[in-house]
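For reference, the structure is listed below as structure tokens.
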Amino acid sequence: MDRLIDLPFLFPGWPSALLRLALAFALGALLGLERERRQRPAGLRTHALVSLTSALVMLLAAMMPEGGGSEGRVAQGILTGMGFLGAGTILRHENTVTGLTTAASLWITAALGMAAGSGQYALAVGGGAAAFIALSLMHHMELRIRRETGPVQVEALLAPGLLYPLGLHALLDDNEVELVSLRIGETPDQPLALVVEPARNLSRESVLALLQSSPDLSEVRLATRPSRSRYDL
């Protein structure tokens, strides 16, 4: 054992350094696994590497000779770099913005790696647990809130002889319901898809009944696929 510790490629405090790297890797992989399950652009490997790299850079900064580097400046540089990496995961298409939560998860992953690399184990573990709760458990709460109060996606057929539901706009405006999007089928027998969002406290059933009362539409029903928010995280 003494010979192993005296090997030239090892350095004083190497067990602690390896522990910090292992913790950073594990925390990054934990958050990345949650993103991977949801098939987000940055998944398991990306988060693990971001956390591991942040910890490694913090360790290298701490090992530099006095005056050769500042951990504060290194931390600032890591967070600046994460801004560019996170921005690359955010995409906007028409009324939909995707990648916001993935960018935020990369940001917290870098911070967790920095905490682990600095030896702040309690901060790293506590922050990792809180981030995992926000990404996994709170996701279900968010979906429930959106189902109850968010946009409503509906499928319907145009009334015979119509090519476009002109009267629908007035009906929605009179009842303070916003038409978020409208997609017309290529043929009359194909349903059109609407996404509407009530400005006041209307239930999904009330919105559906309102659309069913429109003479421009027939066979109005809730879409079989869940509606997407304008901000898909």
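Derivation of every value follows stated rules applied to the coordinates shown; laboratory data play no part. As the structure is a computational prediction, the values presented were derived from the model and not from experiment. Using ideal geometry, Cβ is built from the backbone for each residue, glycine included, and neighbour counts are taken over all protein chains shown.
Loop-located GluC sites (Glu not before Pro) in segment 26-75 (DSSP state other than H, G, I, E, B) with a sparse environment of at most 10 neighbouring Cβ atoms within 10 Å: GLU66. Packing here is the average count of other Cβ atoms within 10 Å per residue, and on that basis the peptides 101-110, 120-129, highest first, run 101-110, 120-129. Once you sort the root eigenvalues of the Cα gyration tensor of segment 157-204 as a ≥ b ≥ c, which label holds: rounded (a/c under 1.5), prolate (a/b larger than b/c) or oblate (the other case)? Prolate, because a/c is 1.5 or more and a/b exceeds b/c.
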